[in-house]
Amino acid sequence: MRRQLWGPALVLALVTSAASPASAGAAEEREPRPLRELYDNRAVSEDDRPGAADFDGQGRSLPAAALRAAGWRVGARPTVEGTRLDWPVSRPGRPDNVRADGQRVAVEGRGDALTFLVAGTGGEATGTGSVHYRDGGHSRYRLTAPDWRTGPLATKAVALPYLNTREGGVKDRPRLYVVTVPLDARRTVESVRLPHVRGFGRALHIFDLRVRPATEGWTGSWSASTAGLPEVGPWLDQTLRLVVHPTKAGPTVRVRLSNTFAGAPVRVGSATVAVRAKDAEPRSEPVPLAFGGRRGAVLPAGAEAVSDPLDFAVEEGADLLVSLHLPGSVPSVPLHDKAVQKSYLSTPGDHAADSDGAAYTGTVGTWPLLTGVDVGGGPGSVVVLGDSITEGVRTTEGANRRWTDALARRLRAQDRVPRYGVLNQGISANRVLSDRYPGDGVSADTGGVSALNRLDRDLLAQTSARTVVLFEGINDVRWGAGADEVVDGLRQLASRARARGVRAVVTTLAPCEGESRCTAAVDAERTSVNRALRADRHSFDAVLDFDRVLRDPDRPARMLPAYDSGDHLHPGEAGLQALADAVDLGELTGRPRAGG
């Protein structure tokens, strides 16, 4: 039986577009109301009054104390997947969410997606609603909320260590989800009709609903995927000075920090940016970053923060130093594990503004918390979703010889197509279909959640993503997945990208004969994947044949020795350069094909 595959928060959307409001019937004419006025359910209770709320109709509820400990306090405004949400201002025991049943909600704005803060009770809850635009048209969307107790941890926004019952607390992992559905970014939303939910005893609960603003005026210049939540240090009142290599220059800058997967808030006391001279030494005095006008930020569990725009010239070819002072104790932190870049850790104290590197006596080979650097202006970005080959494993540390770095240099040196930024979203050991890291809790495994489960965060919420290159699947077949499953997963990724207006380019899988898991049976599956991708004229906007670039013509199952790093799985620097050189830059441009 073929396994059914699902994406982040189990959602897909946008069914169709403009229609006359008159055709929707009299029910559509009701005046929309703010979501808070529609609240009809109590989800949150205090531990000493657990019976004051009944989220699921069985007397169970979310504990307010655990939410506060995670940073989700009354009136908090956590940012998740590019949307600043409002956690309900209702006190515990008061109505704080609405059970979706066709209500019309006043929601206004223009953007690329609707963002829902949701959970299902009684099981996974699904329904179809509609978006109403100011021009009189409307579109339909399909929304699925995973169950608050049994839904996938890999896609949750926040999970708690226990839930409340009428008798008191019970150890469990109740969770909330952030789900996005696509919008027509050219039109202004006026209101949203919530879904009608089918299924006995099932309810789809909505705590907040927002239009996610499009990231106009910014280009993603550098990024890293959060790959896990391992133990560190613990770091105590120390400063990270992280080295990044932007792929796009610009006159202004902002940075993105993420507390993905975490169960507790993290505090950044201060942050700066500087052009790097050498090691941890800046070329000139670091410039302070601000977050909502403040010098630091507190990131709730599962949330992110974006710094305010800063007049600061990001130069082509120059490294940046992003310094983050962590004033508290940090025993674990979300990070990108294999940075292939040396960064620095200070002695105790706030050294973010230091104009030399003397305090930075320690080193780290990861990128903790920092997930993006954006620059003002520019045409947008190409996002590469990949594994360790894209990540740059077995390249020279600090030399920026990943194939995505070489692609960025090619784009900068030409004027035939837009000079996109290139965002590397590779994770070592990552797979299309299955999670390496479970998506919750402290773990030594930093192979990330599956591409299907990280697509919303690592592609659709990235700054000004125009094109995605899907270069994954070899780890799936190496660990037993069938070719049909892998191809189906890649098609799902492309379909979801194209539904958001992102061009989807796929690559064939590279040969790996000689590596311990690359048996003849694995190569047969790899070859079947490649055959299917080459023949597919509908699911993808373009196919890059990386297999043909790297393979030995005399032994097609193995990599050409001149391109092999030595482990027979990862190309060396010559092979990665060959991949970048083989990309037809024209395939990176244009809109998705009709029907995508």
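The values are calculated or read from the model by the stated rules, or taken from the named source; none is laboratory data. This is a predicted model, so every value here is computed, not measured. FYI the Cβ positions are ideal-geometry reconstructions off the backbone, even for glycines, and counts take in every protein chain you see. Each accessible area value is taken on the protein alone, full model and side chains, heavy atoms only, with ligands, DNA and RNA left out. Shrake-Rupley method; radii C 1.70, N 1.55, O 1.52, S 1.80 Å.
What do you reckon, is W87 part of a loop (DSSP other than H, G, I, E, B) and surrounded by 23 or more Cβ atoms within 10 Å (Cβ to Cβ)? When the stated conditions are applied, W87 does not pass them.
Residues that are more than 13 Å from G572 (Cβ to Cβ) and either surrounded by fewer than 24 Cβ atoms within 10 Å (Cβ to Cβ) or touching a His at 6+ places or on another chain (Cβ under 9 Å) (or both) within the stretch 389-406 comprise E391, E397, G398, N400, D405, listed in sequence order. Filtering the stretch 509-564 to residues that are more than 16 Å from D488 (Cβ to Cβ) and of a type in the set (G, A, S) leaves A510, G514, S516, A520, A521, A524, A542, A557, A562.
If only residues of the stretch 193-202 that are open to solvent by 20 Å² or more (accessible area, probe 1.4 Å) and assigned to a strand (DSSP E or B) are counted, the one that is farthest from R175 (Cα to Cα) is R193. The lone criterion from (1) under 20 Å from A481 (Cβ atoms); (2) among the charged types (D, E, K, R); (3) in a helix (DSSP H, G or I) left unmet by R548 is number (1).
Of the residues making up the stretch 479-499, those that are surrounded by 19 or more Cβ atoms within 10 Å (Cβ to Cβ) and within 19 Å of the chain's Cα centre (by Cα) are G489, L490, R491, Q492, L493, A494, R496, A497, R498. Taken over the stretch 241-261, the criterion of being of a type in the set (K, R), touching an Asp or Glu at 6+ places or on another chain (Cβ under 6 Å) and open to solvent by less than 10 Å² (accessible area, probe 1.4 Å) is satisfied by no residue. Quick one: in the stretch 407-430, of everything that is open to solvent by 10 Å² or more (accessible area, probe 1.4 Å) and either within 18 Å of G392 (Cβ to Cβ) or among the small types (G, A, S) (or both), which residue is farthest from the chain's Cα centre (by Cα)? Out of the qualifying residues, it is A413. If you go through the stretch 46-64, how many residues are among the small types (G, A, S) and surrounded by 16 or more Cβ atoms within 10 Å (Cβ to Cβ)? Selection size over the stretch 46-64: 4. Within the stretch 550-577, residues that are basic (K, R) sit with their Cβ atoms under 6 Å from residues that are not in a helix (DSSP H, G or I), at 6+ positions apart or across chains, in these pairs: R551/P511; R558/P511; R558/E513; R558/G514; R558/D552. Restricting attention to the stretch 17-45 and to residues that are modelled with pLDDT of 50 or more and charged (D, E, K, R), the residue that is surrounded by the fewest Cβ atoms within 10 Å (Cβ to Cβ) turns out to be E31. The residue pairs whose first member lies in the stretch 260-284 and is under 20 Å from V244 (Cβ atoms), whose second member is aromatic (F, W, Y) and assigned to a loop (DSSP other than H, G, I, E, B), and whose beta carbons are closer than 9 Å, counting only pairs six or more residues apart or on different chains, are D279/Y360; A280/Y360; E281/Y360. Exactly one residue out of S329, S343 is hydroxyl-bearing (S, T, Y) and within 24 Å of the chain's Cα centre (by Cα), and it is S343. The C-beta contact set for the stretch 430-453 (first residue closer than 20 Å to A339 by Cβ and in a loop (DSSP other than H, G, I, E, B), second residue open to solvent by less than 10 Å² (accessible area, probe 1.4 Å) and aromatic (F, W, Y), distance under 7 angstrom, 6+ apart or interchain) comprises S443/Y437; D445/Y437; T446/Y437; G447/Y437; G448/Y437; V449/Y437. Only residues that are farther than 18 Å from W87 by Cβ, of a type outside the set (F, W, Y) and assigned to a strand (DSSP E or B): list them for the stretch 205-227, please. T219, G220, S221, S223, listed by residue number.
When each of G75, G71 is tested for being of a type in the set (G, A, S), touching a residue at least 12 places away in the same chain (Cβ under 8 Å), open to solvent by less than 20 Å² (accessible area, probe 1.4 Å) and not in a helix (DSSP H, G or I), the lone residue that passes is G71.
So that you can scan it fast, the table gives a plain yes or no per residue for (1) among the acidic types (D, E); (2) more than 28 Å from R84 (Cα to Cα); (3) surrounded by 15 or more Cβ atoms within 10 Å (Cβ to Cβ):
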{"site": "H325", "(1), (2), (3)": "no, no, yes"}
{"site": "S329", "(1), (2), (3)": "no, no, no"}
{"site": "D356", "(1), (2), (3)": "yes, yes, no"}
{"site": "V364", "(1), (2), (3)": "no, yes, yes"}
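With respect to A106, is the statement that it is of a type in the set (A, V, I, L, M), in contact with a helix residue (DSSP H, G or I) (Cβ under 9 Å, 6 or more places away or on another chain) and over 28 Å from T260 (Cβ atoms) true? Considered against the rule, which asks whether it is of a type in the set (A, V, I, L, M), in contact with a helix residue (DSSP H, G or I) (Cβ under 9 Å, 6 or more places away or on another chain) and over 28 Å from T260 (Cβ atoms), A106 comes out as yes. Just one of the listed residues (E231, E216, E190) is out of contact with any strand residue (DSSP E or B) (no Cβ under 8 Å at 6 or more places or on another chain), open to solvent by 10 Å² or more (accessible area, probe 1.4 Å) and not small (G, A, S), namely E216.
Screening D337 on (1) open to solvent by 60 Å² or more (accessible area, probe 1.4 Å); (2) at pLDDT 95 or above; (3) charged (D, E, K, R) shows it passes everything except condition (1).
For the stretch 551-567, name all the residues that are open to solvent by 70 Å² or more (accessible area, probe 1.4 Å) and in a loop (DSSP other than H, G, I, E, B). Across the stretch 551-567, the qualifying residues are P553, D554. Condition check: among the basic types (K, R), out of contact with any Leu (no Cβ under 6 Å at 6 or more places or on another chain), surrounded by fewer than 17 Cβ atoms within 10 Å (Cβ to Cβ) and within 30 Å of S443 (Cβ to Cβ). Does K156 satisfy that? It is false that K156 is among the basic types (K, R), out of contact with any Leu (no Cβ under 6 Å at 6 or more places or on another chain), surrounded by fewer than 17 Cβ atoms within 10 Å (Cβ to Cβ) and within 30 Å of S443 (Cβ to Cβ).
Consider V298 carefully, then state whether it is assigned to a strand (DSSP E or B), open to solvent by 30 Å² or more (accessible area, probe 1.4 Å) and at pLDDT 95 or above. Taking the combined requirement at face value, the residue satisfies it.
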